[in-house]
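**Student:** One structure coming up, written as structure tokens, with questions to follow.
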Amino acid sequence: MQIYADNAATTKMSRTAIDAMTSYMNEVYGNPSSLHSVGQRAAEALEDARERVAANLGAKPREIYFTSGGSESDNQAIVSAATFGAKKGKKHIISTAFEHHAVLHTLDKLKKQGFEVTLLDPHECGIITAAEVAAAIRDDTALVTVMYANNEIGTIQPIAEIGAVCKERGVIFHTDAVQAVGHIKINVKEQNIDMLSLSAHKFHGPKGVGALYSRLGIPLTNIIEGGAQERGKRAGTENIPAIMGMAAAMDEACAKIDENREKLVKMRDRLIEGLSEIPHSIVNGDKTCRLPGNVNMCFEGIEGESLLLLLDAKGVCASSGSACTSGSLDPSHVLLSIGRPHEVAHGSLRLTLCEENTMEEVEYTIKAVKEVVEYLREMSPVWHDLKEGKKQYVIQ
Ligand SMILES: *Cc1c(COP(=O)(O)O)cnc(C)c1O
């Protein structure tokens with residue numbers, strides 16, 4: 001038995017996406033910049049993909065730029081808004097403490113270049129409010145960047161409200177929507193989103209391709225210099241097969257959002273219910289205002305890494321937080337940001353489902369996690385101290 005419950009790290013490609021890709025590898029192999037007919041067929045495919053990606057977001061095709069993925073889109077959006085702001089003397093940026101590292105590390109780079117960054121802390125439920133964003137906006141604020149849905153705890157932010165606040169105050173609003181696109185309905189115009197990052201491999205598309213939506217009127221700064229592809233804003237021969245695979249996967253995911261959500265919420269809530277029976281455990285993030293497939297919990301007295309290895313041995317692929325920080329001994333910055341103490345944050349487990357998971361897999365996973373947590377606690381000196389009252393439980 002192999003249960004894949006790490007869909008926030010990456011997803012399996014859908015048949016539709018694979019088929020779309022292979023046909024563009026076999027047949028339409030031209031370079032869209034070539035003037036001959038083979039090239040022009042590729043150029044037509046590229047514009048067709050751009051229209052479809054735009055339509056799924058409620059954007060205009062000219063507002064879509066293809067990139068190598070979520071990280072590149074985040075980098076380009078933030079650097080562009082910062083550069084634009086700096087020209088008008090605006091060098092203040094607002095974000096949150098639980099963003100993805102593609103955002104946080106870009107902000108660190110800008111800090112070294114003289115920008116001032118305000119990072120808002122989410123509430124214990126893993127959500128920040130539009131009022132908190134409004135209170136942080138200053139006359140010199142160039143950009144607000146707040147993720148749509150958190151990649152570790154799955155909590156969904158009040159994006160439309162934050163967008164409205166930014167619009168009213170004339171501040172550019174970017175959202176890292178990598179976890180949200182294909183899972184939650186998005187309309188950039190209705191939600192007042194100026195810039196949005198997305199990545200194909202988080203919705204059953206190929207890895208290494210994504211898009212940046214940037215509202216007309218916001219000047220983009222190049223991250224990659226070279227040819228005039230993507231209207232001069234992103235050089236490099238377009239990865240047509242990947243872009244076509246992304247468009248196909250996005251069409252499919254966006255068409256099935258409601259159907260998938262209904263299925264996923266049942267499995268998610270059953271997982272939370274079953275795992276909450278484990279004593280001294282806690283759910284991270286709001287229980288309902290979260291991605292339909294996301295479960296994230298802490299179990300006191302265990303190490304997340306050991307839990308993952310033993311679960312893997314039982315056939316369950318899970319994560320302790322983000323794939324990007326595993327391998328380091330630091331606890332998740334996301335769990336720390338919602339106020340979990342270090343020793344609790346170390347005992348975290350993230351299970352992220354997709355519509356292909358089944359209720360049988362959910363029941364098996366609950367049983368496996370219960371067994372492994374019990375086993376690890378039996379071996380843990382910390383757990384024995386807690387049981388004997390030599391130490392106080394943090395999670396009641
Ligand atoms: C996965 C992810 C990214 C990075 O996307 P890549 O395409 O892997 O570069 C950025 N932000 C969030 C929230 C993510 O989940």
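**Student:** If you split all Cα-Cα distances of the chain into 10 Å bins from zero, what percentages do you get per bin, shortest first?
**Tutor:** Pairs per bin, as whole percents: 5, 23, 30, 24, 14, 4, 1, 0.
**Student:** Pop the C-beta distance of Lys88 and Ile224 into the FRET formula with R0 = 41 Å and round what comes out to the nearest 0.05.
**Tutor:** 0.95
**Student:** To the nearest whole percent, what portion of all C-alpha pairs in the stretch 131-202 is separated by more than 14 angstrom?
**Tutor:** Of all Cα-Cα distances in the stretch 131-202, 55 percent exceed 14 Å.
**Student:** Using the per-residue mean of other Cβ atoms lying within 10 Å as a proxy for protection, in what order, highest first, do the peptides 384-394, 5-15 fall?
**Tutor:** 5-15, 384-394
**Student:** Please give the FRET efficiency for Cys125 paired with Arg270, using the beta carbon to beta carbon distance and R0 = 22 Å, rounded to the nearest 0.05.
**Tutor:** 0.55
**Student:** A further question on this structure: Work through the residues other than Leu310 whose Cβ is under 15 Å from its Cβ and net out their charges, Lys, Arg +1 and Asp, Glu -1.
**Tutor:** So the surrounding residues net to -2.
**Student:** Next question. Relative to the longest principal axis of the C-alpha atoms of the chain, give the angle of the C-alpha long axis of helix 37-57, reported between 0 and 90° and rounded to the nearest 10°.
**Tutor:** Orientation of helix 37-57: about 50 degrees from the principal axis.
**Student:** Next question. Any chance you could run the full-extension gain for Thr237 through Glu371? It's 0.36 nm times the residue separation minus the Cα-Cα distance, nm to one decimal.
**Tutor:** 43.2 nm
**Student:** Please give the residues of the stretch 346-375, grouped as numeric ranges, whose backbone N is less than 12 Å from a label point set 7 Å along the Cα-to-Cβ vector of Ala313.
**Tutor:** Of the residues in the stretch 346-375, 372-373, 375 have backbone N under 12 Å from the label point off Ala313.
**Student:** Among residues other than Gly30 whose Cβ falls under 13 Å from its Cβ, what is the net charge (Lys/Arg +1, Asp/Glu -1)?
**Tutor:** Local net charge: -2.
Rule-based calculations on the coordinates, nothing more; no lab input. Just so we're clear, the structure is a prediction, and the values are computed from it rather than from any experiment. Don't worry about glycine lacking a Cβ; one is built from the backbone with ideal geometry, like all the others, and counts go over all protein chains shown.
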